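Novice: Quick one: the structure is below, and I'll ask about it shortly.
The values are calculated or read from the model by the stated rules, or taken from the named source; none is laboratory data. Remember, predicted model here, so these are calculated numbers, not experimental data. In this analysis, Cβ positions are derived from the backbone assuming ideal geometry, glycine residues included, and neighbour counts consider all displayed protein chains. For the accessible areas, the whole protein counts, side chains as well, though only heavy atoms, and no ligand, DNA or RNA atoms are used. Shrake-Rupley method; radii C 1.70, N 1.55, O 1.52, S 1.80 Å.
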Amino acid sequence: MKIQKSPLRYPGSKSDLSPYVEKVIHNNDLNGCHLIEPFAGGASISLTLLQKGIVGKVTLLEFDPLVYCFWESVFKYTDQLCEMIEETPITIGVWERFQIYKGIDIPLKNNILELGFAGLFLNRTSFSGILKGGPLGGKEQLSTYKIDCRFNKQKIIETIKFISLFSDRVNVKWGNSLKYLSNLKKKTSQEKTFLYVDPPYYDKGKSLYRKYFTERDHKALYRRLTSLQYPWLLSYDDCPFITYLYSHSKTDLKKQNLFFDYSAGGSKKKQEILISNLEIPPIAHVKNESIII
């Protein structure tokens, strides 16, 4: 079966990391578990492992209302969402009109589909998928690559329809991840549960995400995770603050360095760090959609 990737283009996407997360799950006897992503974003890890049958069900938590509404629309309003994709012209005029949706902070039942489509549209037509970024091709559309260059309607519709087949195993929630983790700490469950945690970057989060973290938030996340009884894997940009923060845990945490190697647009290397309360295998680097363990 061909794995369908996330319909969203997301800064810091971890789609190439899914084989590694699969190995962590297998090595720790967590196959068939309930996978929770407290920072859903493009949800590439969850979608891949769900399609492969590695996890039994998924909970996606997202605080950005546009991203949350998109995933809610994928699984609850599939046909209506696909109709909107088919019928809406991909133009700079529509992009400018949709900027109004960025001012909405709370999703309501009567605007889920509208916001969800806006989230997809802005994601696929903005630079690098950054919702707060400018339009592909620029506002004057003088570039070779126009605003619709990343918006293959047929492919996006096919992907959404396929992913929606797993709707009975996906629970989409809107809310603050720190509050969610605090509540999760108070709960007990007989089922196998595993958290993949991919928070906003520490160094460049403010420029990449609409819902970024302050230093106080990063510290709060550290406290929430290190007090959880559930197994978890955390991925972060490798920077002195994060390394120092997690080196002072009373819990025996395991760490691995991760190097992403991007060849598109010239060679670019990015170093991240993986941290877990589980035993995790070493990892060399990720390159061109393959992983070396």
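Novice: How far apart, in nanometres, would the label points at Ser227 and Lys185 be if each is projected 7 angstrom from Cα along the Cα-to-Cβ direction?
Specialist: So the two model labels end up 0.2 nm from each other.
Novice: If I fit a long axis through the Cα atoms of helix 215-226 and take the longest principal axis of the Cα atoms of the chain, what angle between them do I get, 0 to 90°, rounded to 10?
Specialist: Helix 215-226 sits at roughly 50 degrees to that axis.
Novice: What accessible area, in Å² to the nearest ten, does a 1.4 Å probe give for His248?
Specialist: 110 Å²
Novice: Here is a follow-up. Round to the nearest 10 and give me the degree value, 0 to 90, for the angle of helix 18-27's Cα axis relative to the longest principal axis of the chain.
Specialist: 30 degrees
Novice: Related question: Over the chain, what is the relative contact order in percent, taking alpha-carbon pairs closer than 8 angstrom and at least six residues apart? Kindly include the intermediate steps, with their values, before the conclusion.
Specialist: On the way: 496 pairs, mean separation 58.6, N = 293.
Taking the mean separation of contacting Cα pairs over the length of the chain, I get 20 percent.
Novice: So what is the orientation-averaged projected area of segment 36-120, using the convex hull of its C-alpha atoms, in nm²? Show your work: numbers first, answer last.
Specialist: On the way: hull surface 24.6 nm².
One quarter of the hull surface, i.e. the mean projection, equals 6.1 nm².
Novice: Based on the Cβ-Cβ distance from Thr214 to Leu278, what FRET efficiency comes out when R0 is 30 Å, to the nearest 0.05? Present the calculation step by step, with values, prior to reporting the outcome.
Specialist: Numbers: r = 28 Å, r/R0 = 0.93.
In this case the efficiency is close to 0.60.
Novice: While we're looking at this one, here's another question. What number, rounded to the nearest 500 deg cm²/dmol, is the helix-based mean residue ellipticity at 222 nm of the chain, given -39500 (n - 2.57) per DSSP H run of at least four residues and division by all its residues? Numbers along the way, then the final one.
Specialist: Working: 11 runs with 103 residues, N = 293.
Helix contribution divided over all residues of the chain: -10000 deg cm²/dmol.
Novice: Next up: Ranked highest first by average number of other Cβ atoms within 10 Å, how do 136-144, 192-200 line up? Spell out each step's value before the answer.
Specialist: Details: 136-144: 12.8, 192-200: 22.2.
Packing proxy ranking, top to bottom: 192-200, 136-144.
Novice: Extending each Cα 7 Å along its Cβ direction at Thr144 and Leu108, get the distance between those two points in nm, one decimal.
Specialist: 4.6 nm
Novice: DSSP beta bridges in the chain, what fraction antiparallel, as a percent rounded to 5?
Specialist: Working: 18 of 37 bridges.
Taking every DSSP beta bridge with both residues in the chain, the antiparallel ones total about 50 percent.
Novice: Quote the FRET efficiency, to the nearest 0.05, computed for Asp168 versus Asn27 with a Förster distance R0 of 41 Å and r equal to the Cβ-Cβ distance. Walk me through the numbers on the way to the answer.
Specialist: Details: r = 28 Å, r/R0 = 0.68.
The pair Asp168/Asn27 has a calculated efficiency of 0.90.
Novice: Now a separate question. Could you order the peptides 49-59, 114-124, 170-180 from most to least packed, using the average number of other C-beta atoms within 10 Å per residue?
Specialist: On the way: 49-59: 18.6, 114-124: 23.0, 170-180: 17.1.
Sorting 49-59, 114-124, 170-180 by mean packing, highest first, produces 114-124, 49-59, 170-180.
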